[in-house]
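The values are calculated or read from the model by the stated rules, or taken from the named source; none is laboratory data. None of these values were measured; they are calculated from a predicted model. Virtual Cβ from ideal backbone geometry, glycine too; neighbours counted across all protein chains shown. Keep in mind that these areas ignore ligands, DNA and RNA; they rest on the heavy atoms of the full protein, side chains included. Shrake-Rupley method; radii C 1.70, N 1.55, O 1.52, S 1.80 Å.
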Amino acid sequence: DMLAYEPSQQPTAAPGRTVAYTYYASPEIGETASLVRDWGNVLQNPSLGLYGAIIVGPRGATYTHPHTGEDISGAASWAADVHTSGNSYRDFVLLLHDEDEIIGTHQMPYTEHVQGTVAVNYRYEPLDRRLRRNPDTSAVFRSVVHGDPSTPVLQAFAGDAVRIHVLVPVSEQAHVFTIEGHTWPFEPGLDGTNIVSSMLIGGLQTLDIRIASAGGEARLPGQYLYGDHREPYREAGMWGLFKVYARGAEGVDLHRLP
């Protein structure tokens, strides 16, 4: 997906064996998020979870661990701090997964709850599980009440530049990805583009979200909800938290950007 490879590079990994593949980022395409799936059986294998992503960053960029500051160039991670000669930013990858063919259709009887697997980076956080512990709906997303969700927790200091790559390797439905309290350009780098706070995404599609300032224009610290804006999918567990800390906050397990 947007990557080049040697035509002769077609070995199959037998059970219990490992095969190395080499891909090349195209200078003409530049920075991109490439979806990687198993095409051996397109109907079954990806839905079992055999997928991932390759993020092509700026030329000459270096990558560090967001919590330790250690170099992680070449390592696999869904979160990294990216540094170029001009600036640094937080970089995150989110993979959405769903298998419900029925909800939202005209099939009778209408279904109100999502069926089948849902996931964000192979994890999910259903609301009914939280409400069984504490029925207070006003506190269902609060970490001080329920702890952090099992889905990825994005972290940044107020004012940090942030990029979020949202990919949908397996999907029977269209999703509306949103981050409360934040906006971003519909087409980054294009003058006059619309500024949005949610975007539609379907199977095999990718979103490249570039947020100029964590905490919004006002750089407000807090916990912001992200995920699928379709309420049945949020109830099923396709959501997470974006934690934004005050610039001077102490005791935060997060390395500060230069």
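Annotations
- Here the accessible area is traced with a 1.4 Å probe on the protein chains. For segment 39-107, carbon and sulfur cover 53 percent of it.
- Extension gain from Val19 to Glu172, taking 0.36 nm per residue of separation minus the Cα-Cα distance: 52.1 nm
- Carbon-plus-sulfur accessible fraction, segment 167-250 (probe radius 1.4 Å, protein heavy atoms only): 50%.
- GNM result for the chain, Cα springs below 10 Å: residue of Arg123, Arg163, Arg17 fluctuating most strongly: Arg17
- Potential extension, Glu231-Glu180 segment - 0.36 nm per residue separation minus Cα distance: 17.0 nm
- Size of charge dipole - segment 197-258 - debye, nearest 20, with Cβ of Lys, Arg +1 and Asp, Glu -1, no other charges: 180
- Summing Cβ point charges (Lys, Arg +1; Asp, Glu -1) relative to the Cα centre of segment 145-258 gives a dipole of roughly 240 debye.
- Solvent exposure, largest accessible area first (probe 1.4 Å, DNA, RNA and ligands not counted), of Met199, Met2, Met238: Met2, Met199, Met238
- These residues, His106, His229, go from largest to smallest accessible area, 1.4 Å probe, as His106, His229.
- The convex hull built on the alpha-carbon positions of segment 93-210 has an orientation-averaged projected area of 9.5 nm².
- Ordered by solvent-accessible area of protein heavy atoms (1.4 Å probe), largest first, the residues Glu99, Glu250, Glu187 come out as Glu250, Glu187, Glu99.
- The calculated FRET efficiency for the pair Thr111 and Asp1, based on their C-beta separation and a Förster distance of 35 Å, comes to about 0.60.
- Rg/Rh for the chain stands at 0.97; both radii use Cα atoms, and Rh follows the Kirkwood definition.
- The mean sequence distance of close C-alpha pairs (under 8 Å, at least 6 residues apart), as a share of the length of segment 165-258, puts its relative contact order at 29 percent.
- Sites Gln44 and His67 - FRET efficiency at Förster radius 35 Å, r taken between beta-carbons, to 0.05: 0.45
- Accessible surface, per residue, of the chain when the full set of protein chains is kept, probe 1.4 Å, Å²: 56
- Stretchable slack from Ser198 to Arg129, in nm (0.36 nm times residue separation minus alpha-carbon distance): 22.2 nm
- Build a GNM of the chain with springs between Cα atoms under 10 Å apart, and of Trp39, Trp78, Trp239 the one that fluctuates most is Trp39.
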